[in-house]
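The values are calculated or read from the model by the stated rules, or taken from the named source; none is laboratory data. Worth saying up front: this structure is predicted, and the values here are computed from it rather than measured. Every residue, glycine among them, receives a Cβ derived from its backbone with ideal geometry; neighbour counts consider all protein chains shown.
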Amino acid sequence: MEHVKTWSGHDIAGDSDGQAWAMTPELESFVSGWQKFLDHLVDLDVYDAPTVKGLVDGCLLTESLGVKPGRWMGKALDVCMAWQLRNPRETDARGAIEEVRRRRDEVGIPAAK
């Protein structure tokens, strides 16, 4: 909304008079851009990504890698979720864990003890 300063002559920031607002060319462009973005999320099959339950949690990851939890955990779980979103039909966590193993140095995982 930062890009749309007015909506049919009304100031976006504080107009609460309940009037119906007409679509201006500026607003049409704004809404069209958001619609393209949302359509792209649907095409990628990640529209519901915020509600996806991860296949891997911290306990499973530390157990599988044989290391203690640490600062690396957040990045590693992000890698797992990215893998899961790229493989939406997978129900086995092994692929996500292997992705973390491959990216061990990048994520900053210490050597197993």
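If only residues of segment 35-85 that are of a type in the set (Lys, Arg) and not in a loop (DSSP other than H, G, I, E, B) are counted, the one that is modelled with the lowest pLDDT is Lys36. Listed conditions (1) of a type in the set (Val, Ile, Thr); (2) part of a helix (DSSP H, G or I); (3) more than 30 Å from Trp34 (Cα to Cα) are all met by Thr91, apart from (2). Residue check: Pro88 meets all listed conditions (1) surrounded by fewer than 15 Cβ atoms within 10 Å (Cβ to Cβ); (2) touching a helix residue (DSSP H, G or I) at 6+ places or on another chain (Cβ under 6 Å) but one, namely (2). Filtered by the rule that a residue be within 18 Å of Ala49 (Cβ to Cβ) and without any contact (Cβ under 8 Å) to a residue 12 or more places away in the chain, segment 83-113 gives Arg86, Asn87, Arg89. Inclusion of Asp105 among residues that are loosely packed, with under 13 Cβ neighbours inside 10 Å and assigned to a helix (DSSP H, G or I) is warranted. Arg103 meets each of the listed conditions (1) more than 19 Å from the chain's Cα centre (by Cα); (2) under 16 Å from Leu60 (Cα atoms) apart from (2).
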